[in-house]
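We did not get these values from a lab; they are worked out from the coordinates using the rules stated. On a predicted model such as this, the values are computed, not experimentally measured, just so you know. Here the Cβ positions follow ideal geometry from the backbone for every residue, glycine too, while neighbour counts run over all protein chains shown.
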Amino acid sequence: MFEDLYEAFRTNKEYYYLGGILLVNDKSNMKIYDLVDGQQRFTTLWLLSVELGGRLKDFSVCDNQLRLLFSIRKRKAIF
């Protein structure tokens, strides 16, 4: 994946398709999303963004709660 991203960057591609990530609204709180498909791709991109400065923080946290969750894991944000 990193080689593909680098190649897209190096060749100055305007668009690059990584594949899909499927999210659904949590039934109890419409501001929270469950990550249904694309967990590995999402996790890899998330770790990359953390390393590059946490660029997803504004999107990932709402009202001091994580907006994206794995269905098997429920935790509060630690920010």
If each K or R counts +1 and each D or E counts -1, the residues other than LYS13 whose Cβ falls under 15 Å of its Cβ total -3
Inter-label distance for ASN29 and THR44, nm, one decimal - labels placed 7 Å from Cα along Cα-to-Cβ
3.0 nm
Expressed in nanometres to one decimal, the distance between label points 7 Å along Cα→Cβ at ASP37 and LEU5 is 2.2 nm
